[in-house]
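The values are calculated or read from the model by the stated rules, or taken from the named source; none is laboratory data. What you see is a predicted model, and the numbers here were worked out from it, not measured in a lab. Counting neighbours? That spans all protein chains shown, and the Cβs are built from the backbone with ideal geometry, glycine included.
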Amino acid sequence: MSHSLRVIFAGTPEFAAAALAAIHQAGFAVPLVLTQPDRPAGRGMKLQASPVKRYAQEQGIAVAQPPSLRRHGKFPAEAAAAIDLLRTTRHDVMVVAAYGLLLPQEVLDIAPHGCINIHASLLPRWRGAAPIHRAIEAGDTETGITLMQMDAGLDTGPMIADTRTAIRDDDTTATLHDRLAALGAQQIVKALATLERDGRLPSTPQPEDGATYAEKIGKQEAALDWRRAAVELARQVRAFDPFPGGAATLDGTSLKIWSATAVAALRTAQPGTIVEVSADGVVVACGDGALRVTQLQKPGGKRLAAREFLTGSTLAVGQRFEQPGEQPGE
């Protein structure tokens with residue numbers, strides 16, 4: 001099936017690539033894709049193309065990678081060239097998903113039908129960079145995808161449509177990301193078909209009530225503070241999978257904790273103290289309750305289930321994980 005609507009797409013990671021693939025495979029013309037410049041990644045820190053760029057190149061779609069779209073920023077010449085390219089590339093609407101660059105009003109105004117954003121939360125909750133992580137971390141029971149007509153604010157534009165999904169007790173950012181990426185891909189294809197048919201998309205202003213901001217995840221947040229409640233730490237571990245993981249330090253060695261569940265405290269112990277070691281997991285006392293750690297990783301090693309991890313590592317009842325900022329022996 002082919003469509004007359006021409007779509008410029010702007011996005012960078014896998015979440016965005018799923019939407020681009022769905023739009024392209026549905027038969028919409030995509031004359032141009034914008035994505036972030038190649039970044040160094042991996043052990044060799046070689047430049048790597050984004051998932052969106054890789055898909056576009058495989059399909060023979062033109063790609064532009066401006067470092068900025070703001071004429072008065074650090075890269076005025078590159079921004080001006082990209083804006084000129086947008087103006088001279090015939091299109092009807094621009095779709096944006098996890099692009100990573102701010103779009104100034106000048107860019108928002110170019111497409112006849114403006115810019116539609118695929119956002120991975122139920123707006124106005126979790127505007128910003130890390131809505132999937134923050135929803136799990138906060139203990140939200142549901143999230144979803146919101147299509148939004150973009151304005152110059154940060155995820156503040158009118159809402160076009162949303163789709164909801166429950167956050168399961170075992171969801172990590174990785175599993176929820178994949179589910180939301182699929183929902184976003186389905187939703188944008190439906191919206192573009194409606195736009196092509198009707199010439200417009202109805203939208204509703206976002207309420208300010210209930211608005212929250214999802215700060216970008218930083219590596220410094222990885223450290224587990226054992227003084228917190230076990231249920232909060234379990235959510236943190238799930239939210240930080242696949243990045244940056246939960247970090248814990250034992251006898252000066254940093255370990256990654258990838259899977260854990262909250263359990264009732266077996267006995268009173270100082271937070272961070274190991275109170276049980278078995279093939280089922282390593283139970284650590286917390287400020288409230290205890291955390292059963294079931295998947296761990298040594299520096300330079302692989303993720304291992306507790307049973308496998310314990311065959312090559314000695315963890316004993318009474319050992320205590322350090323608190324963030326604490327020195328060994330304190």
Quiz item: Of the residues in the stretch 50-63, how many are crowded, with 18+ Cβ neighbours inside 10 Å and either without any contact (Cβ under 8 Å) to a residue 12 or more places away in the chain or of a type in the set (S, T, N, Q) (or both)?
Solution: 1
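Against the definition (closer than 16 Å to Leu180 by Cα, at pLDDT 95 or above, out of contact with any Pro (no Cβ under 6 Å at 6 or more places or on another chain) and not assigned by TED's automatic domain parsing to the domain that holds Leu233), how does Arg127 come out, yes or no?
When the stated conditions are applied, Arg127 passes them.
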Quiz item: What residue, among those in the stretch 168-204 that are touching an Asp or Glu at 6+ places or on another chain (Cβ under 7 Å) and crowded, with 18+ Cβ neighbours inside 10 Å, is nearest to Ala17 (Cα to Cα)?
Solution: Ala181
Quiz item: Given the residues Ile145, Ile217, which is the only one that is at negative phi and without any contact (Cβ under 8 Å) to a residue 60 or more places away in the chain?
Solution: Ile145
Quiz item: Within the bounds of the stretch 265-272, is there any residue that is buried (at least 18 other Cβ atoms within 10 Å of the Cβ), modelled with pLDDT of 95 or more, closer than 30 Å to Pro131 by Cα and outside the structural domain of Ala129 (by TED's automatic domain parsing)?
Solution: yes
Quiz item: Across the stretch 192-222, what is the total count of residues that are within 19 Å of the chain's Cα centre (by Cα), not acidic (Asp, Glu) and not in a helix (DSSP H, G or I)?
Solution: 8
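Of Lys298, Lys302, Lys256, which residue is of a type in the set (Lys, Arg) and more than 23 Å from the chain's Cα centre (by Cα)?
Unique residue meeting the criteria: Lys298.
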Quiz item: In this structure, is Leu123 crowded, with 24+ Cβ neighbours inside 10 Å and among the aliphatic types (A, V, I, L, M)?
Solution: yes
Quiz item: Just for the stretch 152-169: of the residues that are of a type in the set (Asp, Glu) and assigned to a loop (DSSP other than H, G, I, E, B), which one is nearest to Cys115 (Cα to Cα)?
Solution: Asp155
Exercise. State the number of residues belonging to the stretch 254-264 that are within 20 Å of Glu221 (Cβ to Cβ) and at pLDDT below 95.
Key: 1
Practice problem: Provide a single number: the residues in the stretch 138-160 that are buried (at least 18 other Cβ atoms within 10 Å of the Cβ), closer than 17 Å to Arg179 by Cβ and touching a Lys or Arg at 6+ places or on another chain (Cβ under 7 Å). | Solution: 1
Quiz item: Of all residues in the stretch 274-313, which are surrounded by 19 or more Cβ atoms within 10 Å (Cβ to Cβ) and of a type in the set (Lys, Arg)?
Solution: Arg292
Quiz item: Could we say that Gly73 is touching a helix residue (DSSP H, G or I) at 6+ places or on another chain (Cβ under 7 Å), small (Gly, Ala, Ser) and either in contact (Cβ under 8 Å) with a residue 12 or more places away in the chain or outside any strand (DSSP E or B) (or both) here?
Solution: yes
Quiz item: Out of Ala316, Ala262, which single residue is surrounded by 12 or more Cβ atoms within 10 Å (Cβ to Cβ) and outside any helix (DSSP H, G or I)?
Solution: Ala262
Exercise. Any chance you could count how many residues in the stretch 275-330 are more than 19 Å from Arg235 (Cβ to Cβ) and of a type in the set (A, V, I, L, M, F, W, C)?
Key: 11
Quiz item: Condition test on Ala174, is it over 25 Å from Met159 (Cα atoms) and out of contact with any strand residue (DSSP E or B) (no Cβ under 9 Å at 6 or more places or on another chain)?
Solution: yes
Practice problem: Select from the stretch 139-159 the residues that are modelled with pLDDT of 95 or more, over 13 Å from Ser121 (Cα atoms) and either of a type in the set (A, V, I, L, M) or in the same structural domain as Arg228 (by TED's automatic domain parsing) (or both) and list them in ascending order. | Solution: Met150
